[in-house]
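Worksheet: the structure to be examined is printed underneath.
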Amino acid sequence: MARANDAVAAALEEYAELFAMTGGDAFRVRSYQKAAKAIAGFPEDIAATAVRSVPGVGEAIAKKVEEFLTRGSFRQLDDLRGKVPEGVRRLTRVPSLGPKKAVFLFQELGIDSPEALAEAIGQGRLRGVKGFGPKTEANLLHGLEQLEQAGARVDIGTAMDLAEQIIASLDAERIAYAGSLRRMKETIGDIDILAVGPESLMDDFRGMPYVAEVIASGEKKTSVRTTQGVQVDLRLVPAASWGAAMQYFTGSKEHNVHLRELVVKRGWKLSEYGLFDGDRVIAAEREEDVYEALGMPWIPPTLREDGGEIDAALAGELPDLVTVADLRGDLHTHTDLTDGIASLEEMVAAAAARGYSYYAVTDHAPDLAMQRMTLERALEQRERLRRLQADYPDMRLLHGTELNIGPDGSVDWPEEVLAGFDVCVASVHSHFTQSREEMTRRFVAACENPQVHIIGHPTTRRIGRRPPVDADWDEVFRAAARTGTALEIDSAAERSDLPSDLVRRARHHGVRFSIDSDAHSVPGLAGQRFGVGVAQRGWLNADDVINTWPLERLLDFLGR
DNA sequence: GCCGTTTTCGGCCCGACTGTTTTCAGTCG
């Protein structure tokens with residue numbers, strides 16, 4: 001069941017942003033951001049909790065949240081939405097453009113969207129404007145390009161939260177999401193929801209508080225844009241053709257085109273209403289029947305990209321994909337010692353509740369200055385973790401760290417310190433714009449460090465915010481395979497990193513993977529389901545993933 | 001706006017980088 005937490009957090013996040021843009025006090029902005037983060041990371045459903053009990057939520061924010069929970073917004077948010085055009089908010093999505101410059105551009109030049117900014121630059125209207133020199137202009141152009149590449153797509157976590165919220169809000173006989181979301185694609189353009197139920201469902205849908213705009217509405221399909229700017233299509237389908245509709249609307253288009261070629265060869269017809277031989281229905285109610293009628297087992301949605309899955313299915317050679325149930329632990333997580341929001345004790349208790357055989361705490365290492373890590377603090381944490389171990393006889397607690405890979409491939413702590421950690425994840429957190437050669441050398445050097453077990457979020461992309469770094473990935477994969485360094489599939493939805501296409505390529509080089517949550521909160525631990533989606537899209541089976549292995553085998557891998 | 005074993009007022013993760021500025025503002029992690 002969808003929790004209200006994410007919708008509340010998104011509203012507070014938006015308010016913080018608008019408040020900052022309208023000249024609000026920076027410390028108050030931080031209060032809203034902190035509260036949003038705490039609510040998103042709060043383990044209970046906020047709608048069923050005393051809001052004040054969430055750390056970081058005081059009198060004023062509690063009132064706003066309560067109003068939001070009753071009517072889907074709050075007065076101050078409505079006010080600011082009226083003052084700052086939605087497009088100006090989108091301007092801050094342009095990398096290198098923050099709230100200050102965005103508001104400046106709006107007030108001084110009337111630029112009210114990324115599109116308008118592109119036009120203004122094209123017309124040379126930024127020339128000579130105070131604070132906008134040639135370098136800034138070039139950076140903005142580059143940022144606009146990146147934004148365009150990312151498109152209006154949102155990460156799968158945002159889309160999944162929204163889809164689950166919508167599904168929970170509608171009273172249908174049967175309802176589910178299809179499309180790229182069901183295929184667990186890392187970014188989602190729009191959300192497709194199929195439902196069986198009365199036509200009044202459409203009215204209910206249009207009237208929901210999360211609907212900002214109705215784009216189109218008919219008997220069978222309603223399209224809306226939500227307050228988060230995501231398009232959602234709701235389709236009513238006949239109960240008798242549920243399976244065919246799911247098959248059709250799950251896609252991908254390429255998968256369906258390929259499948260329909262097989263259908264046509266047999267003189268049949270496949271549509272969202274069913275698989276037909278003339279007027280005779282061969283399959284319609286169950287999706288499995290569509291595939292079985294074509295002589296193959298049901299194909300998992302995560303494989304439906306026309307990447308060889310149909311031939312594999314026909315040959316009976318579909319991979320035995322890794323699942324969430326295969327995971328025995330998590331090897332990359334944070335606590336409030338650095339930038340997490342839950343304590344060590346809370347995170348460990350939550351991990352135990354998830355039934356893990358092992359669990360690694362990997363707070364940031366000292367070179368990420370804002371985290372203020374020191375060796376002393378790390379060793380104190382280790383002591384606390386060792387003491388906690390006694391309370392968890394069925395779960396091995398591993399003390400790890402997330403190191404920073406420097407520009408030359410070196411990491412923060414010297415070898416003798418690293419040797420004291422059970423798990424070392426090493427990640428790039430700076431110098432993103434090195435040349436391909438430098439970046440490749442940097443990753444290869446990190447792989448060759450015998451103390452490094454896992455390369456964290458390898459491409460360092462942040463969906464919609466930062467492009468992946470440039471490296472010769474095949475070279476990196478060869479180094480990882482040669483040195484026995486695992487590559488991480490970071491499950492945090494805005495990362496989804498490695499991306500699935502690179503996962504599949506890396507697998508061909510014989511690389512092992514670790515599907516980690518990179519959780520900064522208790523609910524963050526559940527994010528592994530998105531990493532499993534990426535892994536499935538990369539055709540991984542359980543054996544490819546080190547944290548499906550039994551404890552002994554994992555310890556062996558870690559060299560202990 | 002939130003929070004409290006130095007505080008109910010006065011602090012609030014902080015340093016690096018970049019471009020533009022002649023002493024710093026904005027952005028980012």
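The values are calculated or read from the model by the stated rules, or taken from the named source; none is laboratory data. This structure is a prediction, so every number in the text was calculated from the model and none was measured. All Cβ positions, even for glycine, are placed from backbone atoms using ideal geometry, and neighbour counts span all protein chains on display. We work out accessible area using only protein heavy atoms, side chains counted, and drop any ligands, DNA or RNA first. Shrake-Rupley method; radii C 1.70, N 1.55, O 1.52, S 1.80 Å.
For chain A, what is the percent of antiparallel DSSP beta bridges, rounded to the nearest 5? Could the numbers behind the result be given before it?
Values: 25 of 55 bridges.
Bridges in chain A are about 45 percent antiparallel.
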- Message: With θ taken as phi - 60° and the coefficients 6.51, -1.76 and 1.60, list the Karplus ³J(HN,Hα) couplings across region A:340-356 in order, rounded to whole Hz; mark glycine and proline as x.
- Response: x, 10, 10, 6, 3, 4, 5, 5, 5, 4, 5, 5, 4, 5, 7, x, 6
- So which lysines pass the test for A:Lys130, namely a Cα distance under 29 Å, with those fewer than 8 places away in the same chain ruled out? A:Lys83, A:Lys100, A:Lys101
- Task: Report, by chain and number, residues whose modeled amide H sits under 5 Å from the one on A:Asp497, excluding near sequence neighbours (fewer than 5 apart, same chain).
- Result: A:Asp490
- Sites A:Glu108 and A:Glu213 - FRET efficiency at Förster radius 30 Å, r taken between beta-carbons, to 0.05: 0.55
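Among bridges DSSP assigns within region A:324-557, what percent are antiparallel (round to 5)? Provide the component values of the computation, followed by the final result.
Values: 2 of 26 bridges.
Here the share of antiparallel DSSP bridges comes out near 10 percent.
Can you give me the accessible area per residue for chain A, using a 1.4 Å probe, in Å²? Kindly include the intermediate steps, with their values, before the conclusion.
Values: 24560 Å² over 560 residues.
Per residue, chain A has an accessible area of 44 Å².
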- Query: Under a 5 Å amide H to amide H cut-off, with H placed in plane at 1.01 Å, what residues pair with A:Thr49 once short-range neighbours are removed?
  - Reply: none
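Provide the gained length on full extension for the span A:Arg465 to A:Thr433, in nm with one decimal, where the gain is 0.36 nm per separating residue minus the Cα-Cα distance. Present the calculation step by step, with values, prior to reporting the outcome.
On the way: separation 32, 0.36 × 32 = 11.52 nm, distance 1.44 nm.
This chain segment gains 10.1 nm when fully extended.
In deg cm²/dmol, rounded to 500, what helix-only [θ] at 222 nm does chain A give when every DSSP H run of at least 4 residues adds -39500 (n - 2.57) and the total is split over its residues?
Numbers: 23 runs with 236 residues, N = 560.
Here the helix-only value at 222 nm equals -12500 deg cm²/dmol.
In whole percent, and with a 1.4 Å probe on the protein chains, what portion of the accessible area of chain A is carbon and sulfur? If you can, show how the numbers build up before the last one.
Working: 12040 of 24560 Å².
Carbon with sulfur: 49 percent of the solvent-accessible area.
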- Note on the structure: The ³J(HN,Hα) series, computed from each phi in region A:532-543 with the Karplus coefficients 6.51, -1.76 and 1.60 at θ = phi - 60°, rounded to the nearest Hz and given as x for glycine or proline, is 5, x, 4, 4, 5, 5, x, 6, 7, 9, 4, 5
- Under a 5 Å amide H to amide H cut-off, with H placed in plane at 1.01 Å, what residues pair with A:Ala283 once short-range neighbours are removed? A:Leu275
- Mind listing the phi-derived Karplus ³J(HN,Hα) values for region A:456-464, rounded to whole Hz, using 6.51, -1.76 and 1.60 with θ = phi - 60°, and x for any glycine or proline? x, 4, x, 7, 6, 5, 10, 4, x
- Item | Nearest-10 value in Å² for the accessible area of A:Phe42, using the 1.4 Å probe | 40 Å²
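Looking at region A:154-236 only, what percent of DSSP beta bridges run antiparallel? Nearest 5 please.
Working: 16 of 22 bridges.
So the antiparallel bridges amount to about 75 percent of the total.
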- Message: Solvent-accessible area of A:Leu201, probe 1.4 Å, all protein chains present, reported in Å² to the nearest ten, please.
- Response: 0 Å²
- Query: Is chain A rounded, prolate or oblate when judged by the Cα gyration tensor, a ≥ b ≥ c being the square roots of its eigenvalues, rounded requiring a/c under 1.5 and prolate requiring a/b larger than b/c?
  - Reply: rounded
